[in-house]
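Each remark here refers to the structure printed beneath this line.
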Amino acid sequence: MTEKVFDIIGENFNTTRRLKPTSPRVVHEGGKVGVSYTGPDGSKRLLDITEIWPADPAKLRTFQIPHVAHAVRTQNIDYLAWVINSQVAAGANIIDLCVDEIAVDPAIRHKTMIWLIPVAQKITDAILAIDSSDPETIVAGLSVHDSSKSRAAINSVNLEDGRQDLIKLAKEKNALLFANASGRNGMPKDERERVQNLCELMDMMSSAGIAVTDRYLDPLAFPASTGGAFGTHYLEAVREIRRLYPEVHIFGGHSNTSFGLPQRKIMNHAFIILSILAGCDTLMIDPVMNPPKDFVEFKLGADVVLGKDEFAMRYMAAFRAPSPPRSRQPMRAAG
């Protein structure tokens with residue numbers, strides 16, 4: 001299959017990522033503690049976390065391992081390469097990079113992002129989404145990004161004071177621009193506010209000359225366990241945005257809905273399918289937990305059933321087995 005069905009934003013390179021001490025990836029060996037991963041040569045390796053492992057066993061009840069943050073702090077490039085490459089191998093074509101939990105001090109975050117971007121660009125040719133709650137951290141990352149290797153993405157602009165300057169920066173840097181539905185006074189309370197906020201941002205992006213196909217709109221998905229209407233708010237906003245802007249990209253933090261619930265893979269899968277049916281053409285997911293291939297196949301099949309793929313041409317092009325080479329028949333002699 002050569003046709004791209006979705007953009008897949010891999011969300012796993014975030015310093016908020018944690019593992020439970022009981023994870024099967026945690027290995028106790030030779031008096032040290034490590035997190036297992038696969039090295040560039042295919043060998044099994046360990047990220048040494050001995051220095052952050054609690055000395056008091058009682059603290060293990062609440063401790064969670066900040067494995068991505070620890071790898072960034074210790075500049076363990078092999079582990080960072082594993083985090084990136086495992087997502088690309090699973091189907092991600094955009095890798096989100098967020099270092100916000102490295103430090104409270106903005107200067108440390110800026111320095112970390114300036115170090116990280118060139119390292120990540122040596123690891124992958126995928127688009128890098130520079131992600132931060134602090135616009136200056138995004139600016140710092142863009143300052144060292146080499147656009148000759150790949151385009152950057154900015155994650156993200158919204159209506160909060162100080163973030164609209166990122167629209168102009170996206171134009172200057174020829175970067176993809178993510179925009180979320182956060183308002184001037186905080187999070188949107190329903191689908192109407194989500195759409196209203198994103199429409200205002202669309203007008204700003206149009207004024208700045210950002211191509212519609214370079215815009216990725218995020219109506220904001222909240223954990224379903226914290227509000228029974230949150231899923232509906234998001235999905236209704238997706239439907240309305242798709243109606244208003246047929247060519248724009250629409251996505252969301254699709255793993256957010258399962259936060260705090262068991263068997264998160266199941267919840268994520270259900271929400272992603274509903275989001276696709278509502279109009280999302282981009283998925284921000286853990287592509288290792290929820291393989292994009294499942295959703296690509298669903299989308300191609302659903303388009304046939306819903307009459308969006310006339311005569312199933314796209315479906316057949318994607319799944320028809322190539323014809324085996326025809327053997328040449330020996331030529332008969334004349335006479």
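This table checks each residue for (1) touching a residue at least 60 places away in the same chain (Cβ under 8 Å); (2) of a type in the set (S, T, N, Q); (3) over 30 Å from residue 301 (Cβ atoms).
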site: 6; (1), (2), (3): yes, no, no
site: 14; (1), (2), (3): yes, yes, yes
site: 30; (1), (2), (3): no, no, yes
site: 35; (1), (2), (3): no, no, yes
site: 38; (1), (2), (3): no, yes, yes
site: 60; (1), (2), (3): no, no, yes
site: 72; (1), (2), (3): no, no, yes
site: 81; (1), (2), (3): no, no, yes
Exercise. Has the range 204-217 got at least one residue that is in contact with a helix residue (DSSP H, G or I) (Cβ under 8 Å, 6 or more places away or on another chain), closer than 19 Å to residue 254 by Cα and in a loop (DSSP other than H, G, I, E, B)?
Worked result: no
Exercise. If you take the residues of the range 107-129 that are touching a residue at least 40 places away in the same chain (Cβ under 8 Å) and farther than 22 Å from residue 89 by Cβ, which of them is most open to solvent (accessible area, probe 1.4 Å)?
Worked result: 115
For this session: Please find, among 221, 237, 129, the residue that is part of a strand (DSSP E or B) and under 26 Å from residue 275 (Cα atoms).
Result: 129
Problem set entry | Members of the range 191-219 found to be farther than 21 Å from residue 165 by Cβ and open to solvent by less than 50 Å² (accessible area, probe 1.4 Å), listed by number | 193, 194, 195, 219
Problem set entry | Conditions (1) at pLDDT 95 or above; (2) touching a Leu at 6+ places or on another chain (Cβ under 9 Å); (3) open to solvent by less than 40 Å² (accessible area, probe 1.4 Å); (4) assigned to a helix (DSSP H, G or I): number failed by residue 318 | (1)
Exercise. Looking at residue 75, is it surrounded by fewer than 20 Cβ atoms within 10 Å (Cβ to Cβ), touching a Phe, Trp or Tyr at 6+ places or on another chain (Cβ under 8 Å), under 24 Å from residue 46 (Cα atoms) and not aromatic (Phe, Trp, Tyr)?
Worked result: yes
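Yes or no, residue by residue, for (1) at pLDDT 90 or above; (2) open to solvent by 70 Å² or more (accessible area, probe 1.4 Å):
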position: 279; (1), (2): yes, no
position: 290; (1), (2): yes, no
position: 298; (1), (2): yes, no
position: 304; (1), (2): yes, no
position: 307; (1), (2): yes, no
position: 313; (1), (2): yes, yes
position: 331; (1), (2): no, yes
position: 335; (1), (2): no, yes
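Do we have residue 147 as at pLDDT 95 or above, open to solvent by 70 Å² or more (accessible area, probe 1.4 Å) and of a type outside the set (A, V, I, L, M) here? Show your work before the answer.
Details: at pLDDT 95 or above: yes; open to solvent by 70 Å² or more (accessible area, probe 1.4 Å): yes; of a type outside the set (A, V, I, L, M): yes.
Yes: the conditions hold for residue 147.
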Problem set entry | the range 181-196 residues that are part of a helix (DSSP H, G or I), paired with ones that are of a type in the set (Ser, Thr, Tyr) and at pLDDT 95 or above (beta carbon under 8 Å, 6 or more apart) | 191/232; 191/234; 194/234
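Can you find even one residue in the range 55-63 that is part of a loop (DSSP other than H, G, I, E, B), of a type in the set (Lys, Arg) and more than 26 Å from residue 252 (Cα to Cα)? It would help to see each step written out before you state the result.
Keep residues of the range 55-63 that are part of a loop (DSSP other than H, G, I, E, B), which gives 55-56, 62-63.
So of that shortlist, the ones also of a type in the set (Lys, Arg) come out as none.
No, there is no match, as no residue in the range 55-63 is part of a loop (DSSP other than H, G, I, E, B), of a type in the set (Lys, Arg) and more than 26 Å from residue 252 (Cα to Cα).
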For this session: Identify, by number, the condition in (1) in a loop (DSSP other than H, G, I, E, B); (2) crowded, with 16+ Cβ neighbours inside 10 Å that residue 138 doesn't meet.
Result: (1)
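State all residues of the range 95-106 that are surrounded by fewer than 18 Cβ atoms within 10 Å (Cβ to Cβ), under 14 Å from residue 72 (Cβ atoms) and touching a residue at least 12 places away in the same chain (Cβ under 8 Å); if no residue qualifies, say none.
Selection gives 101 alone.
The values are calculated or read from the model by the stated rules, or taken from the named source; none is laboratory data. Computed from a prediction, not measured in an experiment: that's the story for all the values here. Reconstructed Cβ throughout: ideal geometry from the backbone, glycine too, with neighbour counts over all protein chains shown. Ligands, DNA and RNA are stripped out before the accessible areas are found, and what is left, the full protein with its side chains, is counted by its heavy atoms. Shrake-Rupley method; radii C 1.70, N 1.55, O 1.52, S 1.80 Å.
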